1. Roughly how many percent of the accessible protein surface of segment 1-59 is carbon and sulfur, given a 1.4 Å probe and a whole-percent answer?
2. If the chain between Lys12 and Lys75 were fully stretched, how many nm would it gain, using 0.36 nm times the residue separation less the Cα-Cα distance?
3. Please work out the C-alpha center-to-center distance from segment 84-147 to segment 1-37 and express it in whole Å.
4. Summing -39500 (n - 2.57) over the DSSP H runs of n ≥ 4 in the chain and dividing by its residue number, what mean residue ellipticity at 222 nm do you reach, to the nearest 500 deg cm²/dmol?
5. Using a probe of 1.4 angstrom, how much of the accessible area of segment 86-142 is carbon and sulfur, in percent?
6. What is the helix-to-structure angle for 97-110, meaning the angle in degrees between its Cα long axis and the longest Cα principal axis of the chain, kept from 0 to 90 and rounded to the nearest 10?
7. Give a residue-ordered list of calculated ³J(HN,Hα) values for segment 152-160 (Karplus: 6.51 cos²θ - 1.76 cosθ + 1.60, θ = phi - 60°; whole Hz; x for Gly, Pro).
8. Give me the 1.4 Å probe accessible area per residue for the chain, excluding ligands and nucleic acids, in Å².
Amino acid sequence: ANRGLEISRRSKTPRPEAYNTVLLAEYELIRGNLGRAHRLAEKAAHIAESRGLPNLRAQALAAQAEAASAQGDPKEAHRLLDLATNEITKRGDDRWTNAYRLVTEARLVRLQPRHWTLLSSLAQQLQDEALRLAAQNDSHPVVGDLLIESAHCWAATGYSHAAQKVIDDIGHR
């Protein structure tokens, strides 16, 4: 992603620049570098907005939402997720963007354990979305993300048998 970002900046191509920037933001989230993740996601959202790329802006806003949630600001996280959802509605023909938003929503709700009913509903939605997208491209990375997050949600609600079933399904892919 760093190399892609470098190349896209030199060639002055904003879509790849925004995409590589949001990938780096997601990587920094995984590494726990929340401040850097937030800054990268914010930059990606700005590039995407200035170039009219709502799907990339939605992905960047979702990364910002995860960083805000991990930094202990659930109100800001949900505000950013709402903005991401609004961006998705601007580009209804993108079959992947909603999947990324759904994974982010589940992660945010999972961090707030008093929402068990919503969490179990999200677990099922994640599974359904994974099956729908797998029929189009089984090897797309978001399919695995959806299934893994579904297993997390099922486990968080105490439905370990459902989580195990999802994990077994992942193992058979």
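1. Details: 1670 of 3320 Å².
Within segment 1-59, the accessible surface is 50 percent carbon and sulfur.
2. Numbers: separation 63, 0.36 × 63 = 22.68 nm, distance 3.54 nm.
Extra length from Lys12 to Lys75 when fully extended: 19.1 nm.
3. 22 Å
4. Working: 9 runs with 138 residues, N = 173.
The per-residue figure over the chain is -26000 deg cm²/dmol.
5. On the way: 1510 of 3120 Å².
Carbon with sulfur: 48 percent of the solvent-accessible area.
6. The angle comes out at about 60 degrees.
7. Once θ is set to phi - 60°, the couplings for segment 152-160 become 4, 5, 4, 5, 5, 8, x, 8, 5 Hz.
8. 53 Å²
The values are calculated or read from the model by the stated rules, or taken from the named source; none is laboratory data. Being a predicted model, the structure only gives us computed values, none of them experimental. Neighbour counts run over all protein chains shown; Cβ positions are idealised from the backbone, glycine included. The area values use the complete protein model at the heavy-atom level, side chains included, leaving out ligands, DNA and RNA. Shrake-Rupley method; radii C 1.70, N 1.55, O 1.52, S 1.80 Å.
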